[in-house]
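Peer 1: Take this structure first; my questions come after.
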Amino acid sequence: MNPVWISQIASVMRLELKKSFFARRGLWIYLLAIGPAFLYLIHAIDVTRDHEHRQAMLKSHPVDTLVLRAIRPGTSEEELTADLGEPYQKFEYRRGRRAAGPQEVTINRYTDGESDFTFTVVDGFVRGINEQDRCNVTKDSAIFATVFQFFYLRLAVFFGCVGIFSNLFRGEMLDKSLHFYLLAPMRREILLAGKYLAGLSAAAVIFTAGTALQIAALSWHFEPGQVAAYMHGSGWHDIASYLGVTALACVGYGSIFVATGLLFRNPILPATAVMLWEAANPFLPAALKKVSVIFYLQSLCPTVAAPESDTPALLRLLISTAEAPPAWLAILGLFALTALVLAAASLRARRLEINYGTE
Amino acid sequence: MTSANGGRVTFDNVSRFYGEVLGVNRVTLSIPPGITSLVGPNGSGKTTLMNLMSGLVHPTRGQIRVLDISPNDPERLCRVLGYSTQFDSFPRGLTGHQLVSSFLRLFGYDDDACNRLAGAAIERLRMTEATDRKVAAYSKGMRQRIKLAMAIAHDPQVLVLDEPLNGLDPLVRAETIALFRELAAQGRHVIVSSHVLHEVDQISDQVILLSNGYVVAEGKIQGVRGEIQEHPMQVLIRSSRCSALASKLFEFDHVVEARLVEAGSAVLIKTRDADRFYRALNHLALNGIDIEGVAPADDTVNSVYEYLIGEEGSR
């Protein structure tokens, strides 16, 4: 590559990085990136307090896990109290208006310090048993996978990239400052490359940092031993995958939105169209599925967030269950898609002209 | 130089429309080196013409060459062309020096060259004291000068300057005009747009008059004036015998008006044939009529513009 081009790309990046990171109109992008981490932090605080509460209840109402698990429906209330002692929390109420008279219902709550056991006693006999586990790594991994794929990638990173990349050219047109670049002896493709790389650097840093913060916030409430065990297993691979997928999302969505920023005045219209296209991915024929960023990203996620059987039809519209290609092919496919979009954008960039008056 | 037009800026039947709105239409020009002024009221197409030659907008039809380079080739064009636009927006947060050196860095120069060239350009515009201040805090005049510094920093052969004297105080204005003259004297193209007609008169080697997107006249101002037949030429003659001179001149059929002005110390003549008038004036001088001074009274851009375009343009 021509050394002047490299120097020009570096110069464009130098100017654009500052703008991409510190644009006043881009503050909401940081909120999108760190928003989920805040939610996980609140969750972690809640789980920690809940655990402390259970430990305190266990001390005042000690009970053995095995004995708790041995209780079966049909056990009488007297036997329950004889085996487990007094519950740490008890509710009593009457329900129904039957001919035989209303039912006497008692809710008895016990804990072994880790899980909560709720025994529903109706007319003196245990009728329902509910064990609520404390959060564990497997459970939280599944939650993270779902939030990551359905919220973070499809909404936060997606709209963050709309904000960063659409503004690379459009923002300058609005600020009436694009001529600064267009008057330099620089190929428009080089300008596009410099701006794209600057946007990509900013987006990748902001959103991978967001992913890292989410993982840190989510694992904060686990015992060090649990975290170490997870890391010993698939932990590092999962974390690297999520960070990589986030960066690749910026690569893919960034190329699309830098192109739409060159083609359209209003970024919302193309963004909506792309979002609908991405959402429709599961319903597209195999060949068309590959013309989508989410298709490649989902194949690279370590945990597949499959739809639950009772997921409402409307929500299912957002869920891609595309057949996953191997990781190397997914990465290659995403880069090929990105290159194709950037090539199309560079054709548009060659005809780029300032038209401040009509903005 | 690669062709006969290699040293010129040429427009060949160039039109530019913004949707249904006309920018410029069927412009054919060949601009030689020197100071050329684009003159016209708002919306006459001056800025469009400048944007076209600098590649910021593309023609709807026709062809433009700047020293034989197409504006579609910014990699070559912007090395020979510097453009001080009318837009005051710059990348944010930069000082004057950073702005110019950042711009030069886009040319591929190394840091040392950028700093040296930026420093020289800023010095040339007498902006050294403000070089480390943020551009956002600059006054209108300082912004104008820093834009000029950006335009000249890479030593271009063609300078395109959109209203470059706007906002400058009289001293700086005079210095800037001197700079334009110096650059033009070095054989460069200095293409200036202006509303201020007496300034155009002062600085231009040639003018291009624009109205509603059309070029209505181009060339040296006296030449353009001579082409306008329907308005008699006005000549101011100073003499100690103004009354006698006026009556003698009025005998010629090409003189349509002879009026005493300036408290009788001068005669303002209107003639339909300048050549015959000057021959007649020589004859009178040789026959003893004392002539202290002769000066054309309406071969200014202002007059020409008024004749060609009307009141609106010369305001």
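Throughout, read-outs are computed from the coordinates displayed, never taken from laboratory work. All of these numbers come straight from a predicted model, not from anything done at the bench. Because the Cβ atoms are built from the backbone with ideal geometry, glycine has one as well, and the counts that use them run over all protein chains shown.
Peer 1: Using a/c under 1.5 as the rounded threshold, could you call region A:218-267 rounded, prolate or oblate? The axes a ≥ b ≥ c are square roots of the C-alpha gyration tensor eigenvalues, and prolate needs a/b larger than b/c, oblate otherwise. Mind showing how you got there, number by number?
Peer 2: Values: a/c = 9.80, a/b = 3.37, b/c = 2.91.
Since a/c reaches 1.5 and a/b is larger than b/c, the shape of region A:218-267 is classed as prolate.
Peer 1: Provide, for q = 0.08 Å⁻¹, the log10 of I(q)/I(0) from a solvent-free Debye sum over equal Cα point scatterers in the protein assembly as shown.
Peer 2: Values, matching the q order: -0.78.
Peer 1: If the reach is capped at under 14 angstrom between alpha carbons, list the aspartates and glutamates near A:K289, excluding any in the same chain fewer than eight residues apart.
Peer 2: A:E278, A:E323
Peer 1: Which links in A:K19/B:K46; B:K220/B:K270; A:K195/B:K134 stretch past 28 Å when you go from one Cα to the other? Provide the component values of the computation, followed by the final result.
Peer 2: Details: A:K19/B:K46 32 Å; B:K220/B:K270 21 Å; A:K195/B:K134 23 Å.
Distance filter (> 28 Å) returns A:K19/B:K46.
Peer 1: How much length would be gained if the chain were fully extended between A:R350 and A:L288, taking 0.36 nm per residue of separation minus their Cα-Cα distance, in nm to one decimal? Walk me through the numbers on the way to the answer.
Peer 2: Values: separation 62, 0.36 × 62 = 22.32 nm, distance 2.83 nm.
Between A:R350 and A:L288, full extension yields 19.5 nm more.
Peer 1: At what distance in angstrom do the alpha carbon centres of region B:109-148 and region A:324-358 lie from each other?
Peer 2: Centre-to-centre (Cα) distance: 37 Å.
Peer 1: Something else now. Among B:F180, A:I206, B:V215, pick out the residue whose Cα is farthest towards the positive end of the charge dipole of the protein assembly as shown, where Lys and Arg carry +1 and Asp and Glu carry -1 on C-beta, about the Cα centre.
Peer 2: Toward the positive end, the furthest listed residue is B:V215.
Peer 1: Next question. Any idea what the dipole of chain A comes to, in debye rounded to 20, about its Cα centre with Lys/Arg Cβ at +1 and Asp/Glu Cβ at -1? Walk me through the intermediate numbers first.
Peer 2: Details: 32 positive and 30 negative charges, 430 e Å.
In total the dipole reaches around 2060 debye.
Peer 1: Which residues make up the longest stretch of chain B clear of GluC sites (Glu not before Pro) that lie in a DSSP loop with no more than 15 other Cβ atoms within 10 Å, not counting the sites? It would help to have the intermediate numbers written out before the result.
Peer 2: Details: sites that count: B:E20, B:E230, B:E251, B:E262, B:E292.
No qualifying site falls inside B:21-229, the longest such stretch.
Peer 1: Once you sort the root eigenvalues of the Cα gyration tensor of region B:101-195 as a ≥ b ≥ c, which label holds: rounded (a/c under 1.5), prolate (a/b larger than b/c) or oblate (the other case)? Walk me through the numbers on the way to the answer.
Peer 2: Values: a/c = 1.84, a/b = 1.17, b/c = 1.57.
Oblate.
Peer 1: Now, a different point. Charges at C-beta only: +1 for Lys and Arg, -1 for Asp and Glu. How large is the resulting dipole of region B:9-222 about its Cα centre, in Debye rounded to 20? Walk me through the numbers on the way to the answer.
Peer 2: Details: 22 positive and 22 negative charges, 53 e Å.
Around 260 debye, computed over region B:9-222.
Peer 1: Still on this model: Mind listing the phi-derived Karplus ³J(HN,Hα) values for region B:12-27, rounded to whole Hz, using 6.51, -1.76 and 1.60 with θ = phi - 60°, and x for any glycine or proline?
Peer 2: In residue order, the calculated couplings are 10, 6, 8, 10, 9, 10, 9, x, 8, 8, 7, x, 9, 9, 6, 8 Hz.
Peer 1: Assuming R0 = 22 Å, can you tell me the calculated FRET efficiency for the pair B:D155 and A:S201, based on Cβ-Cβ distance, to the nearest 0.05? Walk me through the intermediate numbers first.
Peer 2: Working: r = 33 Å, r/R0 = 1.51.
Step by step, r from the Cβ atoms, then E = 0.10.
Peer 1: Whole-Hz Karplus ³J(HN,Hα) for region B:35-41, in order, using 6.51 cos²θ - 1.76 cosθ + 1.60 and θ = phi - 60°, x for Gly and Pro?
Peer 2: 8, 10, 9, 9, 10, x, x
Peer 1: Between the DSSP loop rule and a limit of at most 13 other Cβ atoms within 10 Å, which chymotrypsin sites (Phe, Trp or Tyr not before Pro) in region A:209-270 are left?
Peer 2: Working: sites: A:W220, A:F222, A:Y230, A:W236, A:Y242, A:Y253, A:F257, A:F264; in loops: A:W220, A:F222, A:F264.
The qualifying sites: there are none.
Peer 1: Please sort by residue number the trypsin sites (Lys or Arg not before Pro) in region A:89-178 whose DSSP state is loop and whose Cβ has at most 13 other Cβ atoms within 10 Å. Provide the component values of the computation, followed by the final result.
Peer 2: Numbers: sites: A:K90, A:R94, A:R95, A:R97, A:R98, A:R109, A:R127, A:R134, A:K139, A:R154, A:R170, A:K176; in loops: A:R97, A:R98, A:R134, A:K176.
Sites meeting the loop and neighbour criteria: A:R97, A:R98.
Peer 1: Right, here's the next one. Among DSSP beta bridges lying fully in the protein assembly as shown, give the percent that are antiparallel, nearest 5.
Peer 2: Details: 57 of 76 bridges.
Close to 75 percent.
Peer 1: Can you give the extra length, in nm with one decimal, that the chain gains between A:I268 and A:A229 once fully stretched, where that is 0.36 nm per residue apart less the Cα-Cα distance? Intermediate results must be reported in sequence, preceding the final value.
Peer 2: Numbers: separation 39, 0.36 × 39 = 14.04 nm, distance 4.46 nm.
Using 0.36 nm per residue and subtracting the Cα-Cα distance, I get 9.6 nm.
Peer 1: For region B:9-222, what is the percent of antiparallel DSSP beta bridges, rounded to the nearest 5?
Peer 2: Working: 19 of 38 bridges.
Here the share of antiparallel DSSP bridges comes out near 50 percent.
Peer 1: Under 18 Å Cα to Cα from A:K18, which aspartates and glutamates show up? Leave out anything in the same chain fewer than 8 places away.
Peer 2: A:E172, A:D175
Peer 1: Counting only other chains, and only Cβ atoms inside 10 Å, what mean value do you get across the residues of B:86-93? Could you put the intermediate results ahead of the total?
Peer 2: Numbers: counts 3, 8, 2, 9, 5, 9, 8, 4.
Neighbouring Cβ atoms belonging to other protein chains average 6 per residue here.
Peer 1: Separate question: Quick one: what are the phi-derived ³J(HN,Hα) couplings along region A:258-272, Karplus 6.51/-1.76/1.60 with θ = phi - 60°, whole Hz, x for glycine and proline?
Peer 2: Those phi angles translate into 5, 5, 5, x, 7, 9, 10, 7, 9, x, 5, 5, x, 4, 5 Hz.
Peer 1: Okay, moving on. Just to verify a number: FRET efficiency for A:A56 and A:Y30, C-beta to C-beta distance, R0 = 41 Å, to 0.05?
Peer 2: Working: r = 38 Å, r/R0 = 0.93.
Result of the calculation: an efficiency of 0.60.
Peer 1: What residue among A:I9, A:F151, B:T47 has its Cα farthest toward the positive end of the dipole of the protein assembly as shown, where the charges are +1 on Lys, Arg and -1 on Asp, Glu, each on the Cβ?
Peer 2: Result: B:T47.
Peer 1: Here is a further query. What are the lysines whose alpha-carbon lies under 25 Å from the alpha-carbon of A:K90, with same-chain residues fewer than 8 places away excluded?
Peer 2: Reachable lysines: A:K59.
Peer 1: With no solvent and one point on each alpha carbon, what is the Debye value of log10 I(q)/I(0) for region A:1-141 at q = 0.10, 0.11, 0.18, 0.20 Å⁻¹?
Peer 2: Listed by q, the Debye log ratios stand at -0.56, -0.61, -1.03, -1.14.
Peer 1: With Rg and the Kirkwood Rh both taken from Cα atoms, where does Rg over Rh land for region A:19-97? Please list the in-between numbers first.
Peer 2: On the way: Rg = 23.3 Å, Rh = 17.4 Å.
Rg/Rh for region A:19-97 comes to 1.34.
Peer 1: Quick one: divide the alpha-carbon radius of gyration of chain A by 2.2 N^0.38 Å and tell me what you get.
Peer 2: Values: Rg = 27.5 Å, N = 359, 2.2 N^0.38 = 20.6 Å.
In units of the globular-protein estimate, chain A measures up at 1.33.
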